[in-house]
Amino acid sequence: MTLNYICKCHKEEFFLKNNFSYWENRNQTTDEKEISNELYKICLTNKDILHIGIGNSEFSKLFSKKNNVDGITISQKEILLAKKINLINYKYYLLDKYSIEFQNFLKKKKYDFIIDTNLKSYACCQDSFNLMICGLIDSLKIGGLLITSRTGMNWTKKLTHKLSFNLKNFFYYKFKEIDGDPANQLTIKELQKICEKSNIKLSFNDKLCYLQK
């Protein structure tokens with residue numbers, strides 16, 4: 001599989017060719033827990049949910065029993081863990097959210113909730129981010145919510161790869177996060193412009209932002 005992008009930024013597609021480790025053996029992030037806690041209060045049933053960045057699949061463990069959850073990741077090791085735990089109503093895909101292939105995926109889907117703790121943090125450029133956020137908004141059902149973390153708006157990273165070693169896995173490849181472009185920090189002002197252009201409602205508190213169609 002080859003991924004395509006609208007920009008000319010240099011991208012390493014090493015994750016498509018190797019079983020890279022990322023978040024499958026790490027705890028659920030604080031940002032994701034905050035979103036999970038808010039959704040858990042609503043007692044969701046029969047909802048279609050897109051989870052971007054499946055990590056250890058803890059989110060899907062909470063919500064896939066009574067809802068349909070689609071998850072995407074760039075880590076094949078996260079995919080292998082998702083297969084192993086074998087949850088009902090849970091589908092997972094190896095996709096980069098900034099790619100054209102992800103846009104094609106979204107054209108076939110409609111969601112009540114989209115969860116992404118860091119919408120812009122790993123974007124290579126503004127053009128790729130704009131494509132991604134427009135696709136997410138278009139795939140929301142009427143009344144649907146896109147939820148992101150305020151903390152995840154304030155940092156930027158790039159992913160590279162690293163050869164590591166431990167006694168369990170011996171030598172293995174894993175993703176390594178390095179500092180990203182500060183321009184990829186996502187401000188409330190930018191979200192407001194996006195919402196005005198797309199005619200959707202923006203609300204937020206000290207922890208989360210909600211974009212409602």
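Each reported figure results from applying straightforward, stated rules to the coordinates on display, with no laboratory input. Everything numeric in this text was worked out from a predicted model, so none of it was measured. Backbone-built Cβ (ideal geometry, glycine too); neighbour counts: all protein chains shown.
Name the residues whose placed amide hydrogens come within less than 5 Å of the amide hydrogen of residue 176, ignoring near sequence neighbours (fewer than 5 apart) on the same chain.
Here 160, 161, 162 satisfy the definition.
Take the cross-link list 8/120; 77/162; 84/158; 109/193; 107/158 and give me the ones stretching past 23 Å between alpha-carbons. Provide the component values of the computation, followed by the final result.
Values: 8/120 18 Å; 77/162 15 Å; 84/158 28 Å; 109/193 25 Å; 107/158 27 Å.
In this structure, 84/158; 109/193; 107/158 lie more than 23 Å apart at Cα.
Please find the FRET efficiency linking residue 190 to residue 28, where r is the Cβ-Cβ separation and R0 is fixed at 25 Å, and quote it to the nearest 0.05. Write down the numbers at each step before the final one.
Working: r = 27 Å, r/R0 = 1.08.
Efficiency at R0 = 25 Å is approximately 0.40.
Could the peptides 92-102, 50-60 be put in order, highest first, of the mean number of other beta-carbon atoms found within 10 Å of their residues? Could the numbers behind the result be given before it?
Numbers: 92-102: 19.5, 50-60: 23.2.
In descending order of packing, they fall as 50-60, 92-102.
Give or take rounding to whole Å, what are the principal axis extents of the alpha carbon atoms in the chain, in descending order?
50, 40, 33
Contact order normalised by length for the chain, with contacts defined as Cα pairs under 8 Å and 6 or more residues apart; what percent is it? Could you put the intermediate results ahead of the total?
Working: 402 pairs, mean separation 42.7, N = 213.
That works out to 20 percent.
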